[in-house]
1. Any idea which residue in the range 359-406 is surrounded by the fewest Cβ atoms within 10 Å (Cβ to Cβ), counting only those that are away from ligand 2 (no atom under 16 Å from the Cβ) and touching a residue at least 60 places away in the same chain (Cβ under 8 Å)?
2. Which of the numbered conditions does SER296 fail, given that it passes all the others? Conditions: (1) in contact (Cβ under 8 Å) with a residue 24 or more places away in the chain; (2) surrounded by 22 or more Cβ atoms within 10 Å (Cβ to Cβ); (3) touching a Leu at 6+ places or on another chain (Cβ under 9 Å).
3. When you look at ARG321, is it among the charged types (D, E, K, R) and more than 28 Å from VAL219 (Cβ to Cβ), yes or no?
4. Suppose the filter is away from ligand 1 (no atom under 16 Å from the Cβ), at pLDDT below 95 and more than 27 Å from PRO337 (Cβ to Cβ); does ILE218 pass it?
5. Given the conditions (1) away from ligand 2 (no atom under 16 Å from the Cβ); (2) under 25 Å from THR330 (Cβ atoms); (3) not in a loop (DSSP other than H, G, I, E, B), which single one is not true for PRO197?
6. In the range 251-270, what residues are closer than 15 Å to THR234 by Cα and more than 16 Å from ligand 2 (Cβ to nearest atom)?
7. Out of curiosity, is ILE260 out of contact with any Phe, Trp or Tyr (no Cβ under 8 Å at 6 or more places or on another chain), aliphatic (A, V, I, L, M), closer than 23 Å to TYR189 by Cβ and crowded, with 20+ Cβ neighbours inside 10 Å?
8. Quick one: count up the residues across the range 174-210 that are away from ligand 1 (no atom under 16 Å from the Cβ) and out of contact with any Leu (no Cβ under 9 Å at 6 or more places or on another chain).
Amino acid sequence: MATFQTDLPDFTAPKKSTGMASIYIETYGCQMNVYDSQAINGLLKRKGYEIVDHDLEADVVLLNTCSIRDLAEHKIASRVGDLRHRRTQTNLPQPLIGICGCMAERMGTDLHKGKRKIDLVVGVDNYDTLPGLIEELLAKQHMTGRRTTADKKARTVVGHRTDAHYVAPPALYPINNSHLVTIHKGCDYKCTYCIVPLTRGPQSEKSPEAIIAEITNIVASGGQEVTLLGQNVTAYNWQQGMDFAALVEEVAGIEGLQRIRFLTGHPKDMHPHLMDTIGRLDKVCPWLHVPVQSGSDRVLRRMKRLYNCAEYLEMIDYARRVIPDVTFSTDFIVGFPGESESDFQDTLEMARKVKYDQAFSFKYSERPGVPAEKLADDVPDEEKKRRLAALIAVQDEVWHDLATESVGAVWSGVIEGRARHQEQESAEGAWRLRTANNRKVILTGGDYEIGQPLEAEITGFKNTTFMGTVRNSIGN
Ligand code: SAM
Ligand code: SF4
């Protein structure tokens, strides 16, 4: 199995005949795409390309796309139109536009059809071909003065390769609090609504050695925290010999690493042994993102989720017993084919019972080629919208109660960075503290460093963020 290291710029690489091309990468979708974009960035920089921060400065624009819902794909179609239009308006030359990621994998050469004028299409397992492909297309453009007219198939590289595991170079992205580390790709579960097994292919693991080397490198570059990523990280199983619990033990042994988070855990794989391990290892953060999808056994069966509500609730109870201060977040889908009002009420009940810190809730979106395509998408869109709003309202109530109980508490966490614009309230220059169990606290006043450990007293909350004042600086 090949692991593509992208961390050391290869300064001996020949310069392109077209000069120094600049590339802008825009990322859509999940954290795995964020990681892949960092890996693409590394692969291109290694060949001498310049990565720029704005699409108008770029010779090549790469959109790293998501196919999970139809809306995600519609966004890309309009973004391509927008990119072309802005160049026309500003009298700048048109860039080469590339589609990477899940849409590339799902649609392949179909992306060249119609008015989109896409120049290259590269799927999730073929990013190592990007530098060569871009070089070839830019050289053709340089010679002819026109955007490429090359054979569409030659500009499309898709297809799953179990050998392709990319490594995002920590030296090329700024040190933030949590460095993403993809530990495996693809998915062998076949939830009936989900496009991921088609776009990302079968589950295939990065080797434990490669993962440990990557994290050791992150720590050597100043990183303190990692987030282990996969569609179902908890299904990690290296050559039937090392499961996720064993991998986490190994990672926790890396000297200098302070915290380990992971995303996404499948409820079916949350075995007592894994939860015991999480509870026992101080470095593993007590936050479980365990998507339940529905609170109705009937719907879970039709979704092929491989657990029922009682098993799910048992898992939550067990986690609460063995993982101190554990918090939970989840995903819900409303309006799955055949979901009745009573099924939906069961979903609301699930949200009330578990008391998630956060819930990401979606209207069911029919995807081409998935098993649920054969079921009638029979919940009308207006009804899906109503259910979505009702679920969000219940989750808001749950959150409001949890947050109210927390006022006055003293929590420890580390400074993650400056507060985002919408979190700043009226105070400029606020900071964001993140607790091990994934709560965000906005601190006003003071000057801190990223990664600094602090204790804060909770003074209030707004939406899903807490406000706090610093009590203490604590040792690392
Ligand atoms: N592997 C994770 C799991 O099994 O829970 C989920 C990964 S998926 C990329 C992220 C979320 O997208 C899912 O948990 C689900 O809620 C949502 N999702 C996936 N397919 C969907 C669809 N066809 N319509 C609406 N939401 C969908
Ligand atoms: Fe999709 Fe199910 Fe795999 Fe999650 S477990 S990625 S929802 S098929």
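The values are calculated or read from the model by the stated rules, or taken from the named source; none is laboratory data. None of the values given here were measured: they were computed from a predicted structure. Virtual Cβ from ideal backbone geometry, glycine too; neighbours counted across all protein chains shown.
1. The qualifying residue surrounded by the fewest Cβ atoms within 10 Å (Cβ to Cβ) is SER406.
2. (3)
3. Taking the combined requirement at face value, the residue satisfies it.
4. Values: away from ligand 1 (no atom under 16 Å from the Cβ): yes; at pLDDT below 95: yes; more than 27 Å from PRO337 (Cβ to Cβ): yes.
So ILE218 passes the test.
5. So PRO197 meets the others, but not (1).
6. Initially, the range 251-270 is screened for residues closer than 15 Å to THR234 by Cα, giving 251, 260-270.
Result: VAL251, ILE260, ARG261.
7. Here the answer is no, as ILE260 does not meet what is asked.
8. Kept after step one, since they are away from ligand 1 (no atom under 16 Å from the Cβ), are these residues of the range 174-210: 174-179, 181, 206-210.
Still in the running and out of contact with any Leu (no Cβ under 9 Å at 6 or more places or on another chain): 174-179, 206-207, 209-210.
Qualifying residue count, the range 174-210: 10.
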